[in-house]
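Below you'll find the structure, written out as structure tokens, and then a few comments.
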């Protein structure tokens, strides 16, 4: 029977499938970080259990580490959490890319970077943005700490099979419109809960035309409309990205893997539970105006009239009036980073806009590379100097101001254009106001001092 | 996990849609390495508003939270479920839940009760009209009763069984060791391993 890619990936990880029970799935790679793992390790030890397959896990420090000043700059509780991760990894025999390691970085940046994320795998992590890895034709989703413990102990996970959704995106992206805008456009159309209970396959010529970095951005934001897993069938773009990376297969194994990976596509005639069509030519650079990622409008638009209590509350929190032109909204801060948009391609796109210009006097702007390797590669190209000369702060790798667990936070009332993934109340700091945008849009906003259409800025190549 | 037993308790109405886990437990509390003690930080920022519903004396000690669709969306932090449980909640009633939050809740014995929107509306209205009204949640019978309202809810048989019996899922899975080992024999050779 014709199968979807989602079904194929699910079926190849079935350890056990019993009617009336959730499926037992085998986990190929477990990504571990300091915030959602300590309780899982503690509980495991209290139960007298061990980590079944430590060599199928990798750990890093990303969520609460400072982005300057090293571990000494962290508060005591954060230091204890990072130290606990190190102790747990030592105990379990799990490789840790800790602070100071040349491989350290945001967990969803380093997996692909190290060649650990392959097509066909099942990857989990105690982090909702695990969907990022779906860009490789991988089944990848976020889990909670109890499930982290289950994976540590058994290398498996109990899961109810999800429904399949296809998002078909066709057409060439207009100039100035990037993967982030595709995702924000989808969420604006479908709403923040449309994907609940589903895994999603992104298909169509637009998706095929995206780089791996762009596909990662698209898959990363899948959780923001409620679906846990988003994926793209692997193709030559995928294989070219992977080949030669540290943990990619070599030689004969590479050939065998390639042969297998080429079968990872939805079969002709495979039926999805639902399908959505998106015309890429209608997409624009988007800006969120509210407090969830579905509350966005094109940058050329205005803050909309509220429909219902949720919108009214969002406008109050954001201190915005309906009818205000988006480009009239002045900014205090700009953040370029996060597992959504902190890869080399994102930094290059932002640097292109910034080159030879100055950050507006009112704005404090921050660039936080997604990983130490991204940082080093960017520095080798001189991107750090481009940003620094314009007045951006160039920091060490981590999640940073995406969620503000470390010292990088907004002050109450501050307004920020951010390349991250969530504009929830207080997400970047209590009372802070977040407008989600793409990296080129964030860069342009830093220079203009307000939200601005990067296309009219005269910077985007046609 | 403790066995889930039928209980009655005050039902608090949180009449909002899309309550994300960042609101349930803000990030500054995620630096703790403990599993307990998150209750005082539940809805930390919203609690600063004296008018916030959970600050009203009538809802003190509430054990059931009635709320809008897509409750617990966003971050996977299990701390959200822990904070509700630590604050005394045993069940959350909503038209829909974030998938990860729902899973997390089930793992720790916090019951996500899924009811149609119009029934949740009626429960919300009742809890607002009669502050302090109690709800009874019976998982065995799959029924929520509040005043004159009584609704049957759906839950998958596996989750219900685990909650009622207070099962340790990991112990259950560890019994399947031969099947897990057999699967491992079939895994392709090119899959990555990372030696410590």
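What follows draws every value from the coordinates through simple rules; no lab data is involved. These figures come from a predicted structure and were not determined experimentally. Virtual Cβ from ideal backbone geometry, glycine too; neighbours counted across all protein chains shown.
Couple of notes before you dig in:
- FRET efficiency for the pair residue A:18 and residue B:141, taken as 1/(1 + (r/R0)^6) with r the Cβ-Cβ distance and R0 = 30 Å, rounds to 0.75.
- Those residues of region A:352-382 whose amide nitrogen sits under 12 Å from the label point placed on residue A:324, 7 Å along Cα→Cβ: none
- Each residue in A:146, B:76 was given a count of other beta-carbon atoms within 10 angstrom of its own, and listing them fewest first yields A:146, B:76.
- Cα-projected label distance for residue A:1 with residue B:6, points at 7 Å along beta-carbon direction, nm: 4.0
- Long-range Cα-Cα pairs in region A:90-192 (distance over 24 Å), rounded percent: 38
- Whole-number D in µm² s⁻¹ for region B:21-104, Kirkwood Cα-pair radius fed into Stokes-Einstein, 10 °C, 1.306 mPa s: 122
- Rounded Å value of the spacing that divides the Cα centres of region B:128-196 and region A:289-328: 38
- Rounded to the nearest 10 degrees, the angle from helix B:117-129 to the longest Cα principal axis of chain B is 50 degrees.
- As a proxy for reagent exposure, A:394, A:289 were ordered by neighbouring Cβ count within 10 angstrom, fewest first; the result is A:394, A:289.
- Crossing angle, helix B:177-186 versus chain B [Cα axis fit, 0-90 degrees, rounded to tens]: 60
- Relative contact order %, chain A, counting alpha carbon pairs below 8 Å whose residues are six or more apart: 18
- Annotation: for a label point projected 7 angstrom from Cα along Cα→Cβ of residue A:379, residues of region A:66-87 with backbone N closer than 19 Å are A:66-73.
- Distance histogram for chain B (every C-alpha pair counted, 5 angstrom bins, percent rounded to whole numbers): 1, 7, 15, 18, 18, 14, 9, 6, 4, 3, 2, 1, 0
- Helical contribution to [θ] at 222 nm, DSSP H n ≥ 4, -39,500 (n - 2.57), averaged over chain B, rounded to 500: -8500 deg cm²/dmol
- Label point 7 Å beyond Cα of residue A:253 along Cβ direction - residues of region A:207-245 with amide nitrogen under 15 Å: A:243-245
- For the peptide A:138-145, the mean number of other protein chain Cβ atoms found within 10 angstrom of a residue's Cβ is 5.
- Peptide B:92-104 is shielded by partner chain Cβ atoms: per residue, an average of 5 of them sit within 10 Å of its Cβ.
- Top of B:156, B:49, B:168 by mean-square fluctuation, Gaussian network on chain B, Cα under 10 Å: B:156
- Using the Cβ-Cβ distance between residue B:179 and residue A:312 with R0 set to 56 Å, the FRET efficiency works out to roughly 0.60.
- Counted over the protein assembly as shown with a bin width of 20 Å, the fraction of Cα pairs per bin, in whole percents, is 20, 56, 24, 1.
- Separation of alpha-carbon centers, region A:1-63 and region A:144-221, rounded to whole Å: 19
- The sum of -39500 (n - 2.57) across all DSSP H runs of n ≥ 4, divided by the residue count of chain A, sets its helix-only mean residue ellipticity at 222 nm to -9000 deg cm²/dmol.
- Fluctuation leader among B:30, B:65, B:123 - chain B, Gaussian network, Cα springs under 10 angstrom: B:30
- Nearest 10 degrees, 0 to 90: helix B:99-108 Cα axis against chain B principal axis: 90
- Take the Cβ atoms of residue B:15 and residue A:160, set R0 to 30 Å, and the FRET efficiency comes out at 0.55.
- Counts of other chain beta carbons within 10 angstrom of each beta carbon in peptide A:152-164 average 3.
- Using the Stokes-Einstein relation with a Kirkwood hydrodynamic radius computed over Cα pairs, the translational diffusion coefficient of region A:232-335 at 10 °C and a viscosity of 1.306 mPa s comes to 86 µm²/s.
- In terms of other Cβ atoms within 10 Å, A:141, A:457 run from fewest to most in the order A:457, A:141.
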